[in-house]
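Student: Got a structure for you, questions after.
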Amino acid sequence: MNPVVLGRGTLLFRPTAHPVPLTLVETLHFTNGVTLLHYARDRGATSAPR
């Protein structure tokens, strides 16, 4: 699975040419079959220069 932000309106993140390292923080399963995945930026990971 590749996390993405979906929606319209004000951009939450600047466009980037490099992947942003993320860590899964929490998973919630709802009775209607939806699964919510909460990610946070992994500050300890090394990523490409900005």
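Student: Any idea of residue 18's accessible area? Nearest 10 Å², probe 1.4 Å.
Tutor: My reading of the accessible area for residue 18 is about 80 Å².
Student: Could you pull out every residue, at least 5 positions away or on a different chain, whose amide H is within less than 5 Å of the one on residue 42? Hs are placed 1.01 Å off N in the peptide plane, and Pro or chain starts have none.
Tutor: So residue 42 has HN proximity to 22, 23.
Student: Which sequence of 31, 23, 10 reflects their accessible areas, 1.4 Å probe, from the largest down?
Tutor: Highest to lowest solvent-accessible surface, that is 31, 10, 23.
Student: So how much slack lies between residue 20 and residue 39, counting 0.36 nm per residue of separation and subtracting their Cα-Cα distance, in nm?
Tutor: The residue 20-residue 39 span can extend by a further 5.7 nm.
The values are calculated or read from the model by the stated rules, or taken from the named source; none is laboratory data. No experiment lies behind these values; they were computed from the predicted model shown. Side chains are part of the model used for accessible areas, which takes the heavy atoms of the whole protein and leaves out ligands, DNA and RNA. Shrake-Rupley method; radii C 1.70, N 1.55, O 1.52, S 1.80 Å.
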